[in-house]
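J.: Mind having a look at this structure? Questions to follow.
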Amino acid sequence: MTPRESVFDSPGTVGKRPGVGDLMRTIERVLPDGGDWCDLHKAHTLAALVLALRPRVIVEIGVWMGGSLVPMALALQWLDAHAAPALERLEQRGKIYGIDPWSPVASVAGEDDATNVAWWSGVDHETAYTKLLLRIADLGLAPYVGIARITSDDFEPSILGAMPGVVGCGIDLIHIDGNHTEQAHRDAKRYLPHVRVGGIVVFDDVGWGGGGVARGVEWAREHGFVDLYALGTGLVMQRVADALHDFEEALT
Ligand SMILES: C[S@@+](CC[C@H](N)C(=O)[O-])C[C@H]1O[C@@H](n2cnc3c(N)ncnc32)[C@H](O)[C@@H]1O
């Protein structure tokens, strides 16, 4: 590597296999089209988590224009095209399930902050949804993405472990970035029991006013998840324990 080259500029090949440089550059190029909720560090980190986990089931609560969903979907697409067959953990490609109602009513539910209520009431949710669909089509990501246009409360996470043709149990990676009120705590309680041991949860905005996200993080800590590292204003955690007796309680 010459002094001018970055890691991503290097040839990045092992034998005849392409490296991840193309993927990371594509993510950087398309990131602005997804709005500005997800910065480049987070986008690259989410993609790197996908490369490391080789997930079968990813869930994102709160999609908007795909700022964070598209980088993860691009990583799934890249794995499908370039991952070493000898290391293939799974028989079928991974998929990311995006859950979002794109509804101003849902966006302001439980929100006390007047500035947030005004912003979310005024922003055009329909256009954001349409832009997401166009991005998925333009980038060839349809095989890797499932969209559920409903609230996280109305989605049943237990079906993810029992999808037709899907082997295994549960969620490998989940990004909780929907409504940040008490809803985030509820999302943690409903979805995290379905994350497999070794799986990852990424919380967005853990310091959000009202404490809903922080209560979600606390619930995770009490139910077999440990902090890995901060990610911007968010937190990456991993499930290390199979505290099923606690989870059963949460599911009732
Ligand atoms: C901050 S944005 C998500 C940003 C996106 N993850 C990114 O990085 O670009 C929050 C999203 O949560 C969605 N949302 C609001 N209430 C929701 C709910 N109850 N369930 C799921 N999504 C919800 C909104 O429609 C909005 O798209």
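The values are calculated or read from the model by the stated rules, or taken from the named source; none is laboratory data. Source: prediction; values computed, not measured. FYI the Cβ positions are ideal-geometry reconstructions off the backbone, even for glycines, and counts take in every protein chain you see.
J.: Residue pairs, Cβ under 6 Å, 6 or more apart or interchain, first in segment 175-204 and under 25 Å from His125 (Cβ atoms), second acidic (Asp, Glu) and part of a strand (DSSP E or B). List them.
T.: Close Cβ pairs (under 6 Å, with a partner that is acidic (Asp, Glu) and part of a strand (DSSP E or B)) amount to His175/Glu60.
J.: Can you tell me which residue in segment 159-172 is modelled with the highest pLDDT, limited to those that are aliphatic (A, V, I, L, M) and out of contact with any Asp or Glu (no Cβ under 9 Å at 6 or more places or on another chain)?
T.: Checked segment 159-172; the qualifying residue modelled with the highest pLDDT is Ile171.
J.: Okay, moving on. Working only within segment 190-208, note down all residues that are away from the ligand (no atom under 14 Å from the Cβ) and outside any strand (DSSP E or B).
T.: Of everything in segment 190-208, those that are away from the ligand (no atom under 14 Å from the Cβ) and outside any strand (DSSP E or B) turn out to be Leu192, Pro193, His194, Gly207.
J.: Then there is this: Of the residues that sit in segment 173-189 and are farther than 12 Å from Met237 by Cβ and in a helix (DSSP H, G or I), which one is farthest from the ligand (Cβ to nearest atom)?
T.: Per the criteria, the residue is Lys189.
J.: Further, regarding this structure: What residue, of Val108, Val70, Val117, is over 26 Å from Glu182 (Cβ atoms) and among the hydrophobic types (A, V, I, L, M, F, W, C)?
T.: So the residue among Val108, Val70, Val117 that is over 26 Å from Glu182 (Cβ atoms) and among the hydrophobic types (A, V, I, L, M, F, W, C) is Val70.
J.: Could you list, in sequence order, the residues of segment 31-79 that are modelled with pLDDT of 95 or more, touching a Lys or Arg at 6+ places or on another chain (Cβ under 6 Å) and away from the ligand (no atom under 15 Å from the Cβ)?
T.: none
J.: What's the number of the condition Glu126 fails, among (1) surrounded by fewer than 18 Cβ atoms within 10 Å (Cβ to Cβ); (2) of a type outside the set (Lys, Arg); (3) at pLDDT below 95?
T.: The single condition Glu126 does not satisfy is (3).
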